[in-house]
Amino acid sequence: MKKSAVLALSALFTVSAFSLETKGIISNESQLSFSENDYSVPSLVQKDSLTASLRQPLSQSGKTYFSAEAMVSFEYDRTFSDPAYDDTEILADLTLFKLASKIPVNKANFCIAAGRFSMADATSRIYNQNADGILLQYLSPYIELNAYGAYTGLLNAKTVTILTPVASAYGSNSDKDFYDFATAYIAGALSIKFPYLLFNQSITAECFAFISTEGPGEMTAEDDKRIYGTLALDGPLSSSFFYNASTSFLFSEEMDYKAANYSAIKADIFPSESFMLSVSGCYASGKQGAFEAFTTFTASTAGLNVSEKKYNALAMGGLACAARISPEVILNLGGDILFDIPETEAEYSGTQVSAALTYQAFTDLSLSLSAQTFIADKEEESKSTFKLMLSLAF
């Protein structure tokens, strides 16, 4: 008994000897929105949040560690209409709770992560969220293998939005404070990547599958089964020109396993160290020919209009740039043109323009001012937003 106690104390002191890293972020966000080009009826969103995180190494090398992150936020919404409408909401979430380890194997690494953590697919559009699960990776200079499994039913539906098979969002119960369990799915993924396979070009093949199941939340998906298959290519074409291109096919029970498609391409050009120019385009199928309407699993906004158009039945092209004006100031500008393609004919949806100025006063203090507007073909879909955000890390 005494020997066991001594061993337990020895292990405790060994773990505590490794440096515990902690971090906190306080942020304040103020946003004004105007819909339908009516600047006499603004909508205000005031959000204050606190995020705290820690990372505890569990080995001397630091390759095995535990990390966690939690956040709490207060949000006040007010629409200055007649009569006025206002609402307040307090959210709390555990966004990260992970045990991870990296094990060297010859010239490669075997990595394992378990718990709650973020994961994204090859496109970062289809699936990009946290979940409770496990990730296994084999990483070498010649091949990368990934196997992933997760469950979404314990997530907070107020902070993670999952889309239905027809691209509408599973809602959350506004009467519940702090936390509301998300729609339950079992997720699984397998991927293989060949880094710099030929002429420094990398190729990735990936499959994500989702099956609805029962969970503790009120929102449930009935017999939803989806499979996404993706092929992606990326790499440099010169020292200042980089690109990535991908195509994904969706097969779901909702569509009798007929195919839907999402394809995207993006090129990043670096004329100088302080300037980047990006050109991009994407297509998410509607009901064209053999294709059904595409939808992502995690909600992702393509259009900045009133309805916040998702990557569903659209074609979009964009141009963006980022410039470091000084060591402390970064300017971002962007513009996109969107078309709705519900069936065979493309319909002009609108043009969106955005600008953001970020001032990094100190390492731990940043201030950003952003503005964006969507000039819609249908005036009732037009929207303009102005946002001021202050963030302090400690």
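The values are calculated or read from the model by the stated rules, or taken from the named source; none is laboratory data. Keep in mind the model is a prediction, meaning the values are calculated, not measured. All Cβ positions, even for glycine, are placed from backbone atoms using ideal geometry, and neighbour counts span all protein chains on display. SASA here: full protein model, heavy atoms, side chains in, ligands and nucleic acids out. Shrake-Rupley method; radii C 1.70, N 1.55, O 1.52, S 1.80 Å.
On the basis of being in a loop (DSSP other than H, G, I, E, B) and either out of contact with any Gly (no Cβ under 6 Å at 6 or more places or on another chain) or not β-branched (Val, Ile, Thr) (or both), does Ser307 make the cut?
Numbers: in a loop (DSSP other than H, G, I, E, B): yes; either out of contact with any Gly (no Cβ under 6 Å at 6 or more places or on another chain) or not β-branched (Val, Ile, Thr) (or both): yes.
Yes: the conditions hold for Ser307.
Which of (1) assigned to a strand (DSSP E or B); (2) in contact (Cβ under 8 Å) with a residue 60 or more places away in the chain does Leu96 not meet, given it meets every other one?
It fails just one condition, (2).
Just to be sure, is Ser73 open to solvent by less than 40 Å² (accessible area, probe 1.4 Å), within 26 Å of Ser366 (Cα to Cα) and part of a strand (DSSP E or B)? Can you show your working first?
Numbers: open to solvent by less than 40 Å² (accessible area, probe 1.4 Å): yes; within 26 Å of Ser366 (Cα to Cα): yes; part of a strand (DSSP E or B): yes.
Considered against the rule, which asks whether it is open to solvent by less than 40 Å² (accessible area, probe 1.4 Å), within 26 Å of Ser366 (Cα to Cα) and part of a strand (DSSP E or B), Ser73 comes out as yes.
Residue by residue, here is whether (1) out of contact with any Asp or Glu (no Cβ under 6 Å at 6 or more places or on another chain); (2) in contact (Cβ under 8 Å) with a residue 40 or more places away in the chain holds:
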{"residue": "Ser30", "(1), (2)": "yes, yes"}
{"residue": "Lys47", "(1), (2)": "no, no"}
{"residue": "Ser53", "(1), (2)": "no, yes"}
{"residue": "Val72", "(1), (2)": "yes, no"}
{"residue": "Ser81", "(1), (2)": "yes, yes"}
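May I ask you to list pairs of residues, at least six apart or on different chains, whose Cβ atoms are under 6 Å apart, with the first in region 136-154 being more than 18 Å from Pro195 (Cβ to Cβ) and the second being aromatic (Phe, Trp, Tyr) and open to solvent by less than 50 Å² (accessible area, probe 1.4 Å)?
Hits for this filter: Thr152/Tyr185.
Go through (1) modelled with pLDDT of 95 or more; (2) open to solvent by 50 Å² or more (accessible area, probe 1.4 Å) for Thr344 and report which single condition fails.
Among (1) modelled with pLDDT of 95 or more; (2) open to solvent by 50 Å² or more (accessible area, probe 1.4 Å), the lone unmet condition for Thr344 is (1).
Can you pull out every residue in region 145-157 that is touching a Phe, Trp or Tyr at 6+ places or on another chain (Cβ under 7 Å), assigned to a strand (DSSP E or B) and either among the basic types (Lys, Arg) or open to solvent by 20 Å² or more (accessible area, probe 1.4 Å) (or both)?
Applying the first criterion (touching a Phe, Trp or Tyr at 6+ places or on another chain (Cβ under 7 Å)) to region 145-157 yields 145, 152-154, 156-157.
Now restrict to residues that are assigned to a strand (DSSP E or B): 145, 156.
Hit for region 145-157 is Leu145, nothing else.
Restricting to region 46-70, name every residue that is open to solvent by 40 Å² or more (accessible area, probe 1.4 Å), of a type in the set (Gly, Ala, Ser) and closer than 20 Å to Lys23 by Cα.
Ala52, Ala70
Among the residues that make up region 218-235, is at least one of them open to solvent by 40 Å² or more (accessible area, probe 1.4 Å), of a type in the set (Asp, Glu), within 24 Å of Asn312 (Cβ to Cβ) and in a helix (DSSP H, G or I)? Quick ask: steps written out before the conclusion?
Quick first cut of region 218-235, residues open to solvent by 40 Å² or more (accessible area, probe 1.4 Å) only: 218-220, 222-223, 225, 227, 231, 233-234.
Within this subset, residues satisfying the condition of being of a type in the set (Asp, Glu) are 218, 222-223, 234.
Then drop every residue that is not within 24 Å of Asn312 (Cβ to Cβ), which leaves 222-223.
Still in the list and also in a helix (DSSP H, G or I): none.
No, there is no match, as no residue in region 218-235 is open to solvent by 40 Å² or more (accessible area, probe 1.4 Å), of a type in the set (Asp, Glu), within 24 Å of Asn312 (Cβ to Cβ) and in a helix (DSSP H, G or I).
Only residues that are in contact (Cβ under 8 Å) with a residue 60 or more places away in the chain, closer than 16 Å to Gly153 by Cβ and of a type in the set (Ser, Thr, Tyr): list them for region 186-225, please.
Thr213
Need the failing condition index for Cys207 against (1) at pLDDT below 95; (2) open to solvent by 50 Å² or more (accessible area, probe 1.4 Å), just the number.
The number of the failed condition is (1).
Find all pairs meeting these conditions: Cβ atoms under 9 angstrom apart; at least six residues apart or on different chains; first residue within region 321-348 and among the basic types (Lys, Arg); second residue open to solvent by less than 60 Å² (accessible area, probe 1.4 Å).
Arg324/Ser274; Arg324/Ile330; Arg324/Leu331
Looking for something more than 20 Å from the chain's Cα centre (by Cα), in a strand (DSSP E or B), within 24 Å of Ser73 (Cβ to Cβ) and of a type in the set (Val, Ile, Thr) - is there at least one such residue anywhere in region 342-364?
yes
Limited to region 173-196, what total is found for residues that are out of contact with any Phe, Trp or Tyr (no Cβ under 9 Å at 6 or more places or on another chain) and either assigned to a loop (DSSP other than H, G, I, E, B) or open to solvent by less than 50 Å² (accessible area, probe 1.4 Å) (or both)?
Qualifying residue count, region 173-196: 7.
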